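Notes to accompany the following structure.
What follows is calculated from the coordinates using simple rules that are stated; it is not laboratory data. Predicted model, so just to flag it, every value in this text is computed and none were measured. Cβ sites come from the backbone with ideal geometry, for glycine too, and all protein chains shown count toward neighbours.
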Amino acid sequence: MIPLSKVKLDKDDIYSVISVLKSGQLAQGKKVKELEKKFAKLCGVKYAVAVNSGTAALHSALYSCGIKRDDEVITTPFTFVATANSILMVGGVPVFVDIDEKTYNLDPEKIEQAITKKTKAIILVNLYGQPADYDKINKIAKKNGLIVIEDAAQSINARYKNKKSGNLGDIGCFSFYATKNIMSGEGGMITTNNKLYHEKASMFRHHGQNPDKKYEYHDIGYNYRMTDFVAALALSQLKKVEKITIRRQNIAHSYTKAFRNLKKLITPSVISGRTHVYHQYVLRILKNTRMSRDALRKYLDKQEIETNIHYPKPLYEFKHFQSGYLNKKIFLITEKIKKEVLSIPVNPHLKDKEVNYIIDTIIKVYE
Ligand SMILES: *Cc1c(COP(=O)(O)O)cnc(C)c1O
């Protein structure tokens, strides 16, 4: 089976962890600090705070920005569940807005009509690895006094004009989960230029403790600390970020070139001024084609090619998010796209031979 994602550690990855294990300094220490410094540099921000998952990063970010009970937070329904769960974690109310048909990110044209007196923030997800429309959305946020939170779990190293993902809103959140472009099994990072958000996030991950005085607590906090051996693995991975990004982009370009002229198949569109880091390579299979999306998925499985659907159910379909959003008519694009998307393997460990096999197999179906 050609896998959708694959964890493959090299010698450097493994020895970097072993050397921390041998040192005896396992909990948060100097490796975490080094990772934060290098990660901030990659994103072009002043501060980075390491935590133990992307979800912990989102929770900490919302807390640090001061999102509280009953505050409304606008976000996309077409994302991984953790994006919206983090809003519930601080007692906020997720308000879902429909997506853009080209990038599958939040549609800026539909944001303003969802803003109320209670709206405090917008969480943008750079879905599949391409940044959302930050110029337009930051402008709307500024006009309405809203905080922009970037869920950058899928977009490490992506660019929007002259800025890197993690530096596109007020605060950014990353994940180092095993399938992400840069990974350490589990892990996360918060990025910001805001000193207050940085201080609050640092305390929140460490029981709310005063950084200068042990056993003095400012507020509720959690244990969201990253361990030093996880940080060592993330650091070793981070050295390869450029190589990994380019390999993913090259595979994606081969796919797009091969599939571009097939009617009924839509390849990812990359908007001018943005780069796509292809956490997922997502095709759309239109209706009334020779082989439907679900039939293609079964066929590819038989041909030993793993695929998946990101995501089969928009978040407003789940009971714990339903807060008066049962009218699916306002989610026309999400409702359409969820039936068309199919993610095919784009992991950097694919061999050229495997990429060509995937291309030939799909072309045979639709040519
Ligand atoms: C992976 C992911 C997360 C959650 O990250 P974890 O490290 O698994 O907690 C959040 N948002 C998006 C968009 C993701 O892809």
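Packing-based ranking of 108-121, 240-253 yields 240-253, 108-121, ordered from highest to lowest mean Cβ neighbour count within 10 Å.
Helical runs assigned H by DSSP (4 residues or longer) give the chain a calculated mean residue ellipticity at 222 nm of -10500 deg cm²/dmol, each run adding -39500 (n - 2.57) before division by the residue total. Relative to its residue count, segment 1-150 spans a Cα convex hull of 154 Å³ per residue.
Dipole orientation for segment 126-272: of the candidates PRO211, THR192, PHE259, PHE259 has the Cα lying most toward the positive pole (charges on Cβ; Lys, Arg +1; Asp, Glu -1). Rounded to the nearest 20, the Cβ-based charge dipole of the chain about its Cα centre (Lys and Arg +1, Asp and Glu -1) stands at 580 debye. When you filter the trypsin sites (Lys or Arg not before Pro) in segment 318-367 for DSSP loop state and at most 16 other Cβ atoms inside 10 Å of their Cβ, you are left with LYS339, LYS351.
Mind telling me which of PRO131, PRO94, PRO312 comes out most flexible in a GNM of the chain, alpha-carbon contacts under 10 Å? Comparing PRO131, PRO94, PRO312 in the GNM, the peak value goes to PRO312.
Ranking SER272, GLY166, THR289 by how far each Cα lies toward the positive end of the dipole of segment 162-302 (charges on Cβ) leaves THR289 at the top. Could you list log10 I(q)/I(0) for segment 149-302 at q = 0.13, 0.18, 0.20, 0.21 Å⁻¹, which the Debye formula gives when each Cα is one point scatterer? Calculated log10 I(q)/I(0) at the listed q: -0.78, -1.15, -1.28, -1.34. Antiparallel beta bridges, as assigned by DSSP with both residues in the chain, represent about 60 percent of the total such bridges. The ellipsoid that matches the Cα gyration tensor of the chain has semi-axes, each √(5λ) in whole angstrom, of 33, 27, 16, with the longest given first. How about segment 1-99: which trypsin sites (Lys or Arg not before Pro) there are in a DSSP loop, with at most 14 other Cβ atoms within 10 Å of their Cβ? In loop regions of segment 1-99 (DSSP not H, G, I, E or B), the sparsely surrounded trypsin sites (Lys or Arg not before Pro) are LYS6, LYS8, LYS46, LYS68, ARG69. The loop-placed chymotrypsin sites (Phe, Trp or Tyr not before Pro) in segment 176-279, going by DSSP, that have at most 10 neighbouring Cβ atoms within 10 Å of their Cβ come out as TYR215.
The spacing between segment 223-270 and segment 159-201, judged by their C-alpha centroids, is 16 Å. Projecting the Cα atoms of HIS320, MET89, HIS349 onto the dipole axis of the chain, where Lys and Arg carry +1 and Asp and Glu carry -1 at the beta carbon, places HIS349 farthest toward the positive end.
Here the contact order of the chain, divided by its residue count and restricted to Cα pairs under 8 Å and six or more residues apart, works out to 22 percent.
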